[in-house]
Structure formats: C-alpha cells, structure tokens
1. Using 0.36 nm per residue, how much length does the chain from D137 to A187 gain when fully extended, once their Cα-Cα distance is taken away?
2. Rounded if a/c is under 1.5, else prolate if a/b beats b/c, else oblate: with a ≥ b ≥ c from the C-alpha gyration tensor eigenvalues square-rooted, which is the stretch 106-172?
3. Tell me, what is the FRET efficiency for E165 and R22 to the nearest 0.05, using R0 = 30 angstrom and their Cβ-Cβ distance as r?
4. Quantify, in whole percent, the carbon and sulfur part of the accessible surface of the stretch 162-262 (1.4 Å probe; protein heavy atoms only).
5. DSSP loop (so not H, G, I, E, B), at most 12 other Cβ within 10 Å: list which chymotrypsin sites (Phe, Trp or Tyr not before Pro) in the stretch 77-157 pass both filters.
6. What is the set of long-range amide H partners of A187 at a cut-off below 5 Å, with H atoms built 1.01 Å from backbone N?
7. Which of the GluC sites (Glu not before Pro) found in the stretch 117-213 are in a DSSP loop and have at most 11 neighbouring Cβ atoms, other than their own, within 10 Å?
8. Provide the gained length on full extension for the span S232 to L245, in nm with one decimal, where the gain is 0.36 nm per separating residue minus the Cα-Cα distance.
Amino acid sequence: MLFSHIRYNSAMKKSPPDSQQRDRLYADSQQAPDDFVFDEAVAQVFDDMIRRSVPGYAQVVAMTGLLAGHFAKADSVAYDLGCSSGAVSRAMRQFVQQPGFRIIAVDKSEAMLAHCHDLVQPGTSADRPPVELICADIRDITIHNASLVCLNFTLQFIPLAQREELIQRIFSGLNPGGALVLSEKIAFDNAGQQELISQLHLDYKRAHGYSALEISHKRSALENVLLAETLSTHRQRLQQAGFSLITVWHQSLNFASLLAVK
Ligand code: GEK
C-alpha cells in the first residue's frame, strides 16, 4: 500500500499549544457535549487531561521506553501510532541507541501533531534516534521493517470492525522477534467487576480534581468514540493475527497494556 500521508512540518502549525494548560474543557458547559474530537482545544490541555484521567499512564509511557530498549534492533523502525504529544516517542528515544534505528510517529490530528512537534523536536538530537512525524490515519499507513509498534490508547478509537485488519497489518509489518505494545481502556465481562472498577476510576478522576459535571460530560462525549473491549477479546485478536507470546505487563484499574511478540 502506498503512503497516503502528509509529512508534518512546523509551518502547518496554527498557534503554539501550551503544554502546561490545565484541562477545564468540560468545567463550565451546561449543555450535553458533542462527540469528542482531538482538536486544538484538546491539544492545548492533552498532557494534563490524560495524566488526570488514565491511572498508570505515566508509568506505561516510561516503561514503553524500556521495552523499546529491549526490542529495538539496528536498522529497523519503531512506530508510535496515535502519538498525540509524542510521549511514547520521547520515552523510546531515551532508551534506544541502535545504529540505523528510527521512530515513525503518526497521528491524524494536525493539532495534536503540532503539539508533538514542539515537544519531540524531531531531528535536533545527534546521538538519539531520529523521529519522523506523519499526519495520517493509522489505517492508511504502511508498516514495514518494524522491531516495535506502540498502540498506546489508540486502538480504542478505531471502529470495532476495523481493528482485526489493523492488528493483522501490524503483525505483517513486524520483523520476527518484534513486538506490539497495546495499551487500552478495558471492559469486563463480569458486571460486578465492571461496576467496582468503574467506581474506582471515578474516584481516581475526582481525586485528580475533576468535578461530577466534568466527569459526566466527558463520559457522554466519549460514549460513541472510545469503545473499550475485554482483555480476552484483545488476546483472541492478537492470537488470531499470529502473535506467539501475549502477556499483560501492566494494569491499573480499567487501563491495561499488553505485550505481544511475533
Ligand atoms: C500517548 N499514544 O500519549 N489514525 C491516527 N491517529 C488516530 C486515529 C487514527 N485513525 N484515531 C485516533 N487517533 C498517546 C495517547 S490518545 C489517547 C493516544 C487518549 C489519535 C488521536 O488523534 C489521539 O491523538 C490519539 O490517537 C489517542 O501515549 O486520548 O485517550
């Protein structure tokens, strides 16, 4: 498949996002919100939003760097799919120093990629792997010669019917011995477990300063957009794609990360 992407350059940037802004997107709105989109307003507050909404996020990102150090091979590629502000690419960059290794970070939101460009500063570091930023839909890109692919809280935004094909393409693009890191919000088969963990997630958000109104509006906005599946559904899909070793290496409440090795 041909690339149908736009290579990001800083001239595409509309206004400089401030990575320090606090997420107050749903703090004052009284009406039911529209479906969630990764636009300029979200990009401005993204880092604060994800840290205060996803328990374990910082640790997953940091550990993904460590995993990259383990799996990255010389003259191969690591893909950061749905890179947002490039946290995973930055973590990988810190741990990998293989000759000829490079990182391709992809996101379909121009606003997120502008934020990413500010933080990653691709190409500025002589002794660190280069990072290429690509503005594209991850369903359209070619994955090739990969030693690592990271889907860090991104598959959850892909329509259910298209997930199998994407995982299959990732498997095909990985070199033998390469790995996929798949982090997701997860659902539970057991109603009691679902209820308890959802309550604890609510507690997490309240403890991080979100009001009941903000939590409820954000939930409505994400309802049709973020579709969580159970760990067993993820495992089955990975197995079906051909991954031989599949393990959950991190879980914090309803957020888990799987490692799948080819
Ligand atoms: C992190 N990985 O900080 N193609 C490309 N990008 C997409 C697509 C798509 N089809 N769908 C969604 N995105 C990041 C966090 S956030 C998770 C990932 C969250 C992008 C979308 O624009 C957004 O930037 C990202 O995936 C999801 O480790 O906000 O919960």
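1. On the way: separation 50, 0.36 × 50 = 18.00 nm, distance 2.50 nm.
That pair, D137 and A187, stretches by 15.5 nm at full extension.
2. oblate
3. On the way: r = 38 Å, r/R0 = 1.27.
Once the sixth-power term is evaluated, E becomes 0.20.
4. 51
5. On the way: sites: Y79, F95, F101, F153, F157; in loops: F101, F153.
Qualifying residues, ordered by number: none.
6. For A187, whose amide H was placed from the backbone, the distant partners under 5 Å are E229, T230, L231.
7. In loop regions of the stretch 117-213 (DSSP not H, G, I, E or B), there are no sparsely surrounded GluC sites (Glu not before Pro).
8. Numbers: separation 13, 0.36 × 13 = 4.68 nm, distance 1.42 nm.
Separation in residues times 0.36 nm, less the Cα-Cα distance, equals 3.3 nm.
The values are calculated or read from the model by the stated rules, or taken from the named source; none is laboratory data. All of these numbers come straight from a predicted model, not from anything done at the bench. Glycine gets a Cβ as well: all are built from the backbone with ideal geometry, and neighbour counts include every protein chain shown. Heavy atoms of the whole protein, side chains included, go into the accessibility calculation; ligands, DNA and RNA do not. Shrake-Rupley method; radii C 1.70, N 1.55, O 1.52, S 1.80 Å.
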